Amino acid sequence: MTPSIGHLAARFLKSLRSRPLSPSEQTEAASLLRPSEAVFFWGLRPLDQRHSLDACRIVAEHAPGRRDLIRAALLHDVGKRHSDLGIPTRVVASLLALARLPSPERFTRYLRHPGLGAADLNGVGAEEIVVSYAAGHHGPRPPGADNDDWLLLRRADTR
């Protein structure tokens, strides 16, 4: 599922203002990662690391005891590392998808980042909600996922 134009516009503007994680923020993120997942997170561009840490902090604020949800927010975009696109090329890839036009393979990998990230996370034994949210964070809540948990994750992702 392709994100809405409103979501894309908001993310674009926020991306332009993002800054790399500070050393203390890197330590914070690292404390939530399993060794087998670290390569996924640290392989992300700094703007994606920033977005993911911001999302996980929102989840932690609203569900402080839910490490599984906090990790789901931190790891939901790890599939983006498969394309390694910057902001301008992400815009082009998203516009091509919205117009239903063919795009280069690298753009397609960016658009398929949810499934790619979920496969990576599943391959290292991440918790079900972590894999499920990575796979479906642009779509409707999957059957069996808790509605309140899913809504919290979605709110954190779209802020």
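Bear in mind that the values in this text are calculations on the coordinates, not laboratory data. Quick caveat: nothing in here was measured; it's all calculated off a predicted structure. Cβ sites come from the backbone with ideal geometry, for glycine too, and all protein chains shown count toward neighbours.
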- Message: Please compute the Kirkwood hydrodynamic radius over the chain, one decimal place, Å, based on all pairs of different Cα atoms.
- Response: 15.7
- Message: Using a 7 Å offset from the Cα along the Cα-to-Cβ direction at both residue 159 and residue 5, what is the distance between the two label points in nm, to one decimal?
- Response: 2.8
- Item | Cut-off 10 Å between beta-carbons: net charge of the residues surrounding residue 37, Lys and Arg +1, Asp and Glu -1 | +1
- HN-Hα J in Hz across region 73-79 - Karplus 6.51, -1.76, 1.60, θ = phi - 60°, x for Gly and Pro: 5, 5, 9, 5, 9, 4, x
- Extension gain (nm, one decimal) between residue 28 and residue 122, 0.36 nm per residue minus Cα-Cα: 31.5 nm
- Cα convex hull of region 65-120: how many Å³ per residue? 86
- q = 0.23, 0.25, 0.26 Å⁻¹, region 2-67: log10 I(q)/I(0) [Debye, one scatterer per Cα]: -1.09, -1.17, -1.20
- Rounded to 0.05, the calculated FRET efficiency for the beta carbons of residue 38 and residue 100 at R₀ = 41 Å is 0.65
- Message: Could you tell me the extents of region 94-159's C-alpha atoms along the three principal axes, largest first, rounded to whole Å?
- Response: 35, 27, 22
- Message: Please report the net charge: other residues with Cβ closer than 12 Å to the Cβ of residue 61, K and R +1, D and E -1.
- Response: +3
